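Novice: This is the structure I want to talk about, given as structure tokens.
The values are calculated or read from the model by the stated rules, or taken from the named source; none is laboratory data. On a predicted model such as this, the values are computed, not experimentally measured, just so you know. No Cβ is skipped: glycine too gets one built from the backbone with ideal geometry, and neighbour counts run over all protein chains shown. Quick note on the areas: whole protein, heavy atoms, side chains included, nothing else; ligands and nucleic acids left out. Shrake-Rupley method; radii C 1.70, N 1.55, O 1.52, S 1.80 Å.
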Amino acid sequence: MRILAKNLKAAAERGEKDVFICGWIHRIRELGAVSFIVLRDRSGLVQLVLDKKCEFTLESVIMAHGEAALNEKAPGGAELRVTQLDCLSRAAPDLPFQVNGDVTRTGLESILDQRALSLRNPAVSAIFRVQATIIEAFSACLRENDFTEIKTSKLVSGGTEGGTNLFAVEYFDRKVYLAQSPQCYKQMLVASGLERVFEVAPAYRAEKHDTPRHLNEYVSLDLEMGFIESEKELIELEKEILARIFEEVARKNAADLELWAKSGASVPKAEAVFNAPVISYEQALGIANGESAKKNGARIFDINPDAERYVCEWALRETGVDLAFVNEFPRRHRPFYTYPLDSVRTMSFDALFRGIEITSGGRRQHDYAAQLEVLPHFGIKPESMEDYLSIFKYGCPPHGGFAIGLERLTAKILGLSNVKEASLFPRDRRRVTP
Ligand code: AMO
């Protein structure tokens, strides 16, 4: 039976004489009459020793039989002394991407243009193993808290997060749009009686700018829950979720974090997450201006990317974790569905992690009359949102929720400099392939 690279050492310790292993040729080194082949499979790298020249090209898919032997110098502490080597699929010799190279020295465009090959690089695939753990931990934590997983349509009739950034889609004889978020649907499903829901799905933003923090299609980790009084309960829930995600990544992805160690890959400890500061928008502005003044920086009037960075630097210094929750955003900065705290402030929050906003959320307006009154101030005609509004008309509990950007969280855990690296097939203004 086929064994994986990571299990070869155990096979060697058991003295197994006929081991069978399959994978891609990652590297070949010839030393006199002996070839050392590094084979790569989904579990990692392993050394094969062949007592002749290797006639196959890099990235060919091979199948090897042989004897497992301990060797401290080999990756993983063992090697396979090959008795039979077969090629399952021969790779053309003109590889357009150096799969076994150092991707931190490779240009982003080349990594993305050659996605099918760049994903074979262990550091690149590590990004998506970490991402899978994030999704799994997010979902597991919510299921344990009695949330129901939902999947909502991505074809919608209008915007939710500020009307302009929408991709139009031809839909038979009319125009519809790609959903900017599942906002209205998740609220509807709370009101439907499910009470607690979560969704992991793509969200679309037709933003024209090209920045290291924006994608036109990103994965949103969304949740919504009924019967809350304020955003503070949501912040506590997000701390629980983040602590769980970090714990699981530390446990399951230690080797993947190691591959990005030079970029600063790490996860905060759970205790640190629970101690992360919660500060108001006004306090955050004060902190950001204080930090900016120390560096002779410009005055900051809003929680912009500079402010996000400064607040995280401050949080790291003060509490040992570069995570902070900023609440009580002014009305003018939040969408129509946000619940007011008073005439100026709202029960909303952002989570800032390692210098970037990873989450937005808050309590929602659930009062029908109040929501009707607010809509025109956002340039929205109530008639255009009848389905959504009917949830408030016919009995909706106080509720709220938030969304975490998957790629931003992944990038910040691993120390990636551009969020596109954390998207399998990123979409930006120019890129729609591969
Ligand atoms: P918001 O628009 O702030 O809120 O998005 C929530 C989180 O999603 C991520 N994000 C993005 N990531 C990459 N590229 C983008 N263009 C992009 N836009 C957003 C960020 C951000 O913090 N409906 C609300 C959430 C809620 O209140 O429940 C919403 O979508 O990490």
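Novice: Roughly how many debye, to the nearest 20, is the charge dipole of the chain about its Cα centre, given +1 on each Lys and Arg Cβ, -1 on each Asp and Glu Cβ, and no other charges?
Specialist: Values: 56 positive and 61 negative charges, 216 e Å.
Charge dipole of the chain: 1040 debye, to the nearest 20.
Novice: Per 5 Å bin, what percent of the C-alpha pairs of segment 102-216 does each bin hold, from zero upward?
Specialist: 2, 9, 13, 14, 16, 16, 15, 10, 4, 1, 0
Novice: Could you tell me the distance between the Cα centroids of segment 341-370 and segment 266-287, to the nearest Å?
Specialist: Computed from Cα coordinates, the inter-centre distance equals 16 Å.
Novice: Hey, got a sec? Which GluC sites (Glu not before Pro) in segment 150-230 land in a DSSP loop and have at most 16 other Cβ atoms within 10 Å?
Specialist: On the way: sites: Glu161, Glu170, Glu195, Glu199, Glu207, Glu217, Glu224, Glu229; in loops: Glu161, Glu195, Glu207, Glu229.
Listed in order of number, the matching sites are Glu207, Glu229.
Novice: Normalising by the residue count of segment 5-89, find the relative contact order in percent from Cα pairs under 8 Å and 6+ residues apart.
Specialist: Working: 215 pairs, mean separation 28.4, N = 85.
For segment 5-89, the relative contact order is 33 percent.
Novice: Which net charge results when you count Lys and Arg as +1 and Asp and Glu as -1 among the other residues whose beta-carbon is under 15 Å from that of Ile150?
Specialist: On the way: positive: Arg143, Lys151, Lys154, Lys186, Arg196; negative: Asp146, Glu149, Glu195, Glu199, Asp222, Glu224.
Residues near Ile150 contribute -1 overall.
Novice: Taking segment 38-119, which GluC sites (Glu not before Pro) meet the DSSP loop condition and have no more than 13 other C-beta atoms within 10 Å? Intermediate results must be reported in sequence, preceding the final value.
Specialist: Working: sites: Glu55, Glu59, Glu67, Glu72, Glu79, Glu109; in loops: Glu55, Glu59, Glu72.
Here the GluC sites (Glu not before Pro) that fit, given the DSSP loop and packing criteria, are Glu55, Glu72.
Novice: Just to confirm, what accessible area per residue do you get for segment 5-89 at 1.4 Å probe, in whole Å²?
Specialist: 52 Å²
Novice: Two decimals, Cα atoms only, Kirkwood Rh: what is Rg/Rh over segment 5-89?
Specialist: Details: Rg = 11.4 Å, Rh = 12.3 Å.
Taking Rh as the inverse mean 1/r over Cα pairs, Rg/Rh reads 0.92.
Novice: May I ask for the percentage of alpha-carbon pairs in segment 125-282 that lie more than 26 Å from each other?
Specialist: Details: 5039 of 12403 pairs.
The answer is 41 percent, as a whole percent.
Novice: Over the chain, consider all pairs of different Cα atoms and compute the Kirkwood hydrodynamic radius from their mean reciprocal separation; express it in Å, one decimal.
Specialist: On the way: mean 1/r = 0.0412 Å⁻¹.
Its Kirkwood hydrodynamic radius stands at 24.3 Å.
Novice: So how tilted is helix 231-252 from the main axis of the chain? Cα-based, degrees 0 to 90, rounded to 10.
Specialist: On a 0 to 90 degree scale, this one is about 0.
Novice: Which pairs in the list Lys17/Lys53; Lys232/Lys393; Lys6/Lys420; Lys208/Lys252 are over 28 Å apart, alpha-carbon to alpha-carbon? The partial results should precede the final answer.
Specialist: Numbers: Lys17/Lys53 22 Å; Lys232/Lys393 26 Å; Lys6/Lys420 30 Å; Lys208/Lys252 37 Å.
Long pairs (Cα-Cα over 28 Å): Lys6/Lys420; Lys208/Lys252.
Novice: Then there is this: Return the Rg/Rh value of segment 287-393, two decimal places, where both radii are evaluated on C-alpha atoms and Rh is the Kirkwood radius.
Specialist: Values: Rg = 17.1 Å, Rh = 15.5 Å.
That ratio is 1.10, to two decimals.
Novice: Also, I was wondering about something else. Take segment 163-229, compute every pairwise Cα distance, and split them into 5 Å bins from 0; I just need the percent in each bin.
Specialist: 4, 15, 20, 19, 17, 13, 9, 3, 0
Novice: Can you give the Rg to Rh ratio of segment 366-434, both from alpha-carbon atoms, with Rh computed by the Kirkwood formula?
Specialist: Values: Rg = 19.1 Å, Rh = 15.7 Å.
For segment 366-434, the value is 1.22.
Novice: Just the number, please: carbon plus sulfur as a percent of the accessible area of the chain, 1.4 Å probe, no ligands or DNA/RNA counted. Working shown, then result.
Specialist: Details: 10710 of 20550 Å².
Solvent-exposed carbon and sulfur of the chain make up 52 percent of the total.
Novice: Would you mind pulling out the separation of the Cα centroids of segment 177-201 and segment 373-394, in Å?
Specialist: 16 Å
Novice: Let me check against my output: what whole-number percent is the relative contact order of the chain, with C-alpha pairs under 8 Å and at least 6 apart?
Specialist: Details: 874 pairs, mean separation 57.8, N = 434.
Rounded, it is 13 percent for the chain.
Novice: Can you list the lysines whose alpha carbon sits under 18 Å from that of Lys154, skipping same-chain ones fewer than 8 residues off?
Specialist: Lys175, Lys186
Novice: Continuing with this model, one more query. As a check on your grasp of the helix formula, calculate [θ] at 222 nm for the chain: sum -39500 (n - 2.57) over DSSP H runs of n ≥ 4, divide by the residue count, round to the nearest 500.
Specialist: On the way: 13 runs with 132 residues, N = 434.
After summing the helix terms and dividing by residue count, I get -9000 deg cm²/dmol.
Novice: Using Cα-Cα distances under 8 Å and only pairs 6 or more residues apart, what relative contact order does segment 315-427 have, in percent? Intermediate values should be presented prior to the final figure.
Specialist: Values: 160 pairs, mean separation 22.6, N = 113.
RCO, segment 315-427: 20 percent.
Novice: If you don't mind, another one. What is the distance in Å between the Cα centroid of segment 33-58 and that of segment 215-263?
Specialist: 39 Å
Novice: List the lysines whose alpha-carbon lies under 24 Å from that of Lys295, not counting same-chain residues fewer than 8 positions away?
Specialist: Lys412
Novice: Hey, another quick one. Quick one: accessible area per residue over segment 115-422, 1.4 Å probe, rounded to a whole number of Å²?
Specialist: Values: 13370 Å² over 308 residues.
That works out to 43 Å² for each residue.
Novice: Binning every alpha carbon pair distance of segment 64-111 at 10 Å from zero, what are the percents per bin?
Specialist: P(r) for segment 64-111, in whole percents per bin: 20, 26, 35, 19, 1.
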